[in-house]
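Colleague: Okay, here's the structure, questions in a sec.
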Amino acid sequence: MLTGTAVLGTATIPGREQSVPEARAFVDGILGPGHPRSDVARLLVSELVNAVQHTYSRRPGGTVTVAVIELVGSLRVEVIDEGSARNIPVVREDVLATDGRGLFLVQSLADEWGYVCESTGTTVWFRLAA
C-alpha cells in the first residue's frame, strides 16, 4: 500500500445489476453526509457495478467487490470483478447510445481512472480529488 493511504472499507456484493443500490449505499455510508464528491462517487460506482453484465461475475454465485480508499488529497474507488473473455474495459464515446456509456462517464467525471486485468479478475478504479 502506498504511504498516506487508508482503506476506508470494502464490500463484496452479488455480481448482479440489481446490486447497484447496495454499492451506492455502501459508498454513501463510507463518505457520510456532506462529502463534496459523494454525488459523483455514487454515480460512478453505480456505472461500474452495473457493468457487471459484461463480466464473469454475472454468473450464478459471482461477486463484485467495492473498495473505498483514502489517498492524500483524494479518494479512490475500486470495483473488482471476476474478469471476462474480453478482459479489457472499453470506453464507448457514442453519446446517443442507449447503453455502454458507463466508462465514458467515468472518463469524463473522474480526475483519473484506470484498470488492471489479472488472471483472477479485473479492477476498474477512479480517483476523485478532494
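Colleague: Among Leu43, Val116, Ile13, whose Cα lies farthest out toward the positive end of the dipole of the chain, if unit charges sit on the beta carbon of Lys, Arg (+1) and Asp, Glu (-1)?
Modeller: Farthest along the dipole direction, towards plus: Ile13.
Colleague: Follow-up. For the chain, what is the charge dipole size about the Cα centre, in debye to the nearest 20, if Lys and Arg each add +1 at the Cβ and Asp and Glu each add -1 at the Cβ?
Modeller: Dipole about the Cα centre, nearest 20: 140 debye.
Colleague: So what is the relative contact order for the chain, in percent, with contacts set as C-alpha pairs under 8 Å and at least six apart?
Modeller: Relative CO of the chain lands at 26 percent.
We did not get these values from a lab; they are worked out from the coordinates using the rules stated. Computed from a predicted structure; not experimentally measured. With ideal geometry, Cβ positions are generated from the backbone for all residues, glycine too; neighbour counts draw on all protein chains shown.
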